[in-house]
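Novice: Pasting in a structure now, in structure tokens, and then I'll have a few things to ask.
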Amino acid sequence: MSTLEIRDLHVSVANSDSTAEPINILKGVDLTVKSGETHAIMGPNGSGKSTLSYAIAGHPKYTVTSGTITLDGEDVLEMSVDERARAGLFLAMQYPVEVPGVSMSNFLRTAATAVRGEAPKLRHWVKEAKTAMSELEIEANFLERNVNEGFSGGEKKRHEILQLGLLKPKIAILDETDSGLDVDALRVVSEGVNKYKEREDGGVLLITHYTRILRYIKPDFVHVFVNGEIVKSGGAELADELEANGYAGYAQAATTGA
Ligand code: ADP
Ligand code: MG
Ligand code: MG
């Protein structure tokens, strides 16, 4: 049983004009994600959803100016990016990075070694990777390709979920894993997430702009995220309300301070 606890989190990002003040993006986020729970964070573009995921993962561009993040009581903000991964946090990025010259096969085994603390035995590893790949309907030659290089949007997202299945984190943050997927890829990717939830009893923080993925991955909690904070929380029914009415009412409430 694991708990990711975020309290009154404020995060800023350096202004590209380095003489100007940093820009405050997160303005007091409170959120608790436990094993076995799926939380959907839904909000308009530019509201700070990816900033939240980067702050949890430890991206150096994002500065936590106040507030806390803990995993099972341990101070996450004191940990390096690697330590966060070893502690059981996983981020599937909205825009996965290409790594030319590094094969998928090497990349995945290195990541598994780092997280598990020892290299998986080669024979077991190949079997494990191939099984996980076939569940995600990924072709075997994928392992020889360079990380994300020339991958289609759908292939990049399948690769993120392949990592999820192999690294078995305690809490997974999935940032717009649904974006750019056709219906078949969305189904396969969602099944991958649901298998992770069943097998690992993992906690999931599912960041999304659209309600579509929530037909496949059922959220226990839905949070409306506007202008750097959670403005409303509820159950799955809140997603239906957003589907019908959009974010407009919330965005207005946030800007007028109502
Ligand atoms: P979302 O994921 O909800 O679309 P983001 O977290 O990506 O939102 O961005 C929130 C706001 O912070 C946006 O106005 C965006 O332009 C700004 N922002 C995010 N990252 C950076 C950065 N590295 N440099 C400058 N501005 C940034
Ligand atoms: Mg965005
Ligand atoms: Mg984003």
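Each value in this text was obtained by applying a stated rule to the coordinates, not by laboratory testing. What you are looking at is a predicted structure, and each value in this text was computed from that prediction instead of being measured. Backbone-built Cβ (ideal geometry, glycine too); neighbour counts: all protein chains shown.
Novice: Using just the Cα positions, wrap region 75-201 in a convex hull and report its mean projected area in square nanometres, one decimal place.
Specialist: With the hull built on Cα positions only, its mean projection is 7.8 nm².
Novice: Along the positive direction of the dipole of the chain (beta-carbon charges: Lys, Arg +1; Asp, Glu -1; about the Cα centre), which of ALA248, ILE41, SER152 reaches farthest?
Specialist: Working it through, the farthest residue towards the positive pole turns out to be SER152.
Novice: What number, rounded to the nearest 500 deg cm²/dmol, is the helix-based mean residue ellipticity at 222 nm of the chain, given -39500 (n - 2.57) per DSSP H run of at least four residues and division by all its residues?
Specialist: For the chain, the value works out to -11000 deg cm²/dmol.
Novice: A further question on this structure: Over the chain, calculate the relative contact order: mean separation of alpha carbon pairs under 8 Å at least 6 apart, over the residue count, as a percent.
Specialist: Worked out over the chain, it gives 26 percent.
Novice: Let me ask something additional. Percent of alpha carbon pairs in region 1-70 separated by more than 15 Å?
Specialist: Beyond 15 Å sits 56 percent of the P(r) for region 1-70.
Novice: Moving to a separate point now. Please sort by residue number the GluC sites (Glu not before Pro) in region 102-202 whose DSSP state is loop and whose Cβ has at most 10 other Cβ atoms within 10 Å.
Specialist: Counting only loop positions with at most 10 other Cβ atoms within 10 Å, the GluC sites (Glu not before Pro) in region 102-202 are GLU118, GLU139.
Novice: What is the extension gain from LYS121 to GLU149, computed as 0.36 nm multiplied by their sequence separation minus the C-alpha to C-alpha distance, in nm to one decimal?
Specialist: Result: 7.4 nm gained on full extension.
Novice: Another one. Just for the Cα atoms in region 117-258, what are the lengths along the principal axes, largest first, rounded to whole Å?
Specialist: Cα spread of region 117-258 along its principal axes, largest to smallest: 59, 30, 23 Å.
Novice: Shifting gears a bit: Quick one: P(r) of the chain from all Cα-Cα pairs, 10 Å bins, percents rounded to integers, in order of increasing distance.
Specialist: 7, 30, 36, 21, 5, 0, 0
Novice: Let me ask another. Which three lengths, in whole Å and largest first, does region 109-157 cover when its Cα atoms are put on their principal axes?
Specialist: For region 109-157, the Cα spread along each principal axis is 32, 19, 16 Å.
Novice: Compute the distance from the alpha-carbon center of region 48-95 to that of region 129-185, in whole Å.
Specialist: After rounding, the separation between the Cα centres reads 21 Å.
Novice: Taking only Cα atoms and a 10 Å spring cutoff, compute GNM fluctuations for the chain and point out the largest among LYS156, LYS197, LYS127.
Specialist: Looking only at LYS156, LYS197, LYS127, the biggest GNM fluctuation is shown by LYS127.
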